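Working notes, beginning with the structure itself.
The values are calculated or read from the model by the stated rules, or taken from the named source; none is laboratory data. These numbers were taken from a predicted model, which means no experiment stands behind them. Counting neighbours? That spans all protein chains shown, and the Cβs are built from the backbone with ideal geometry, glycine included. The area values use the complete protein model at the heavy-atom level, side chains included, leaving out ligands, DNA and RNA. Shrake-Rupley method; radii C 1.70, N 1.55, O 1.52, S 1.80 Å.
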Amino acid sequence: MNGYAFIGSIILEPGSWFEEAANAIIDALPEGHRENAGHWLCSLLLDAAKAVDPATYAGFIADGVKERLIGAGVSKAAANIFAAAVTKTLNPILAHAIGLGHASLAMKALIPAVCPDLDRCPAQKDLFKTFAMPGVVDHLEALAAK
C-alpha cells in the first residue's frame, strides 16, 4: 500500500475520529448547505488550517527579517537565504510553543472526509504536500487514536 493510500485508510476508517468529526461538521451545516456544499467546506478547512499553521507565522517573521536585512544593505540573495533559515528554525519552535501544528494537520486531514469529489478538490495540491511530509502518518495515527 502506498503512503497516500495508507493515509487515506487512517482518515476514512469507519468509526474513526476523522469520520466522526466530519459527520459532526456536515450535520452542523445549515440545511441549504448540506446538499449544495460543493468545495466551500474544503476551502474553509484549508484556510483555517493555514491560519493556525506555525509555518504561517514563521514566514511572517522571516519576511520581516528579510526586509530589514535588505534595508540595511544586505544583498537580496543573502537576505533570502537567511530568511529561509529563520523559517526553518522557527517553524518547529513555534509548532511546539503554540501547539497548533496538530490542529492544522487535523483540519487538513478532515478535508478528504468531507470532500464531495477529491479529484476536483481545490485543496488537493496542499493535501498532497502535507501528506508527503515525514512523520505525518504517525501524527495522523495519534490523532485518530484520540
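Of note:
- Here residue 57 passes the criteria (1) open to solvent by less than 70 Å² (accessible area, probe 1.4 Å); (2) in contact with a helix residue (DSSP H, G or I) (Cβ under 7 Å, 6 or more places away or on another chain); (3) modelled with pLDDT under 85; (4) within 22 Å of residue 139 (Cβ to Cβ) except the one numbered (1).
- Contacts under 6 angstrom Cβ, first residue in region 106-120 being under 14 Å from residue 21 (Cβ atoms), partner open to solvent by less than 20 Å² (accessible area, probe 1.4 Å) and part of a loop (DSSP other than H, G, I, E, B), 6 or more apart: 111/123; 115/121
- Residue list for region 78-88, restricted to those being open to solvent by 80 Å² or more (accessible area, probe 1.4 Å) and either closer than 11 Å to residue 65 by Cβ or among the aromatic types (Phe, Trp, Tyr) (or both): 82
- Checking residue 68 against (1) at pLDDT 80 or above; (2) surrounded by 16 or more Cβ atoms within 10 Å (Cβ to Cβ); (3) over 18 Å from residue 21 (Cα atoms), the condition it does not meet: (2)
- Only one entry in 92, 122, 134 is modelled with pLDDT under 85 and part of a loop (DSSP other than H, G, I, E, B), namely 134.
- Whichever residue in region 34-54 is open to solvent by less than 60 Å² (accessible area, probe 1.4 Å), assigned to a helix (DSSP H, G or I) and not small (Gly, Ala, Ser) and, among such residues, is farthest from residue 88 (Cα to Cα): 41
- Close Cβ contacts (under 8 Å, 6 or more residues apart or on different chains) running from residues in region 20-32 that are among the β-branched types (Val, Ile, Thr) to residues that are modelled with pLDDT under 70 comprise 26/34; 26/37.
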